[in-house]
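These notes concern the structure reproduced below.
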Amino acid sequence: MRGEVLDYADSFLSKKKNNPQSTASINDDNDKIPKRKIKDSIFRHLFLEPEYALQLYRILHPEDTTATEADISYLTITKEITNGIRNDLGMYIGGKFLIMIEAQTTWSENIVIRIFIYLAEIWKNYIVQNGLDVFSSRNLNLPIPELYVVYTGEHKSRPAVLKLSEHIFHGACKDVELTVHMIYNGKKEKDILSQYISFTKQVKYFFQKYGRTSKAAEELFRYCIDHNILKEYLLSRQEEVTSMLDVIFDDTIHRRKQQEEAFAAGEARGEARGRKAGRAEGEMRKARETAVEMARIGIEEDVIAGVLKVDVSQVKEWLT
């Protein structure tokens, strides 16, 4: 199912006005609680809750028994860095650690490059917003970065880390390095990370069993509640989560994809131009119907354009 559970990402708003680290935000509203929208991923939506973010941090740093929810401030990247890629989750812990986490269902070592770009952008914003001088002889006091990927897909090898020098440059360049720690499971059964990973597996199971239907979403929700998988979170945010699941299991998107594949296959077989034009017209009509439906459930125009692979101006025209 590609990455529907994980790929809808939105910008962060800072949680703490008085935490100096929160000034790394490039958003003027950095004193607000992080916004949650339907296009959020389940991963991001879950860990924007300070309660669960703290549980996640304690899995990564079990030695720190004094950290509290008040020590967490969320990192903000309000603008897409390049071509629509955004960081899934970033947070400062007590002004000491900068923790960045990506969630993936599809294996791609290029995640190292994306995180490298994120980190550079974050440091730039932090330096500017905190009035630091990179030309000074004094060392800059930057929060210690820790970079992680939570991987829940299928892959034969499971390296503990991905490195820029090894997995991107294949040993040809060792002068520039970045290490990303891979996470495949939680530390303990039923810890918050284990529950999230179990949830993604159940998404895949119910999708395969029922297809992209509301039945799949309903059965997934019921199963997770019955088996204590993110139970508290799902019950407390039932309406929002249900909206996101409707997007994940939306059959109109699946049908559109099937039509795209059929059209591509038809082109490969060299069908007549008139037939191709007819199919193209049908595709545009179906894309418009899908855009209207996605807009109806609250998905923003730029996200719709990305899913349907059309310009935002085209989406605006369809919705007027």
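Every number here is computed from the coordinates shown, using simple stated rules; none is lab data. Please read these numbers as outputs of a predicted model, since none were measured by experiment. Positions of Cβ are generated from backbone atoms using ideal geometry, with glycine treated the same way; all protein chains shown enter the neighbour counts.
What order, most packed first, do the peptides 173-179, 69-75 have when packing is the mean number of other Cβ atoms within 10 Å of each residue?
69-75, 173-179
What's the magnitude of the charge dipole for the range 192-248 around its Cα centre, counting Lys and Arg as +1 and Asp and Glu as -1 at the beta-carbon? Answer in Debye, nearest 20.
280
Please label the shape of the range 192-248 as rounded, prolate or oblate, based on the square roots a ≥ b ≥ c of the eigenvalues of the alpha-carbon gyration tensor (a/c under 1.5 means rounded; beyond that, a/b larger than b/c means prolate, else oblate).
On the way: a/c = 1.80, a/b = 1.24, b/c = 1.45.
It comes out oblate by the Cα gyration axes.
Could you tell me which of the pairs K96/K187; K124/K156; K187/K309; K96/K174 are separated by over 31 angstrom between their Cα atoms in the structure shown?
Going by Cα-Cα distance, K124/K156; K187/K309 fall outside the 31 Å limit.
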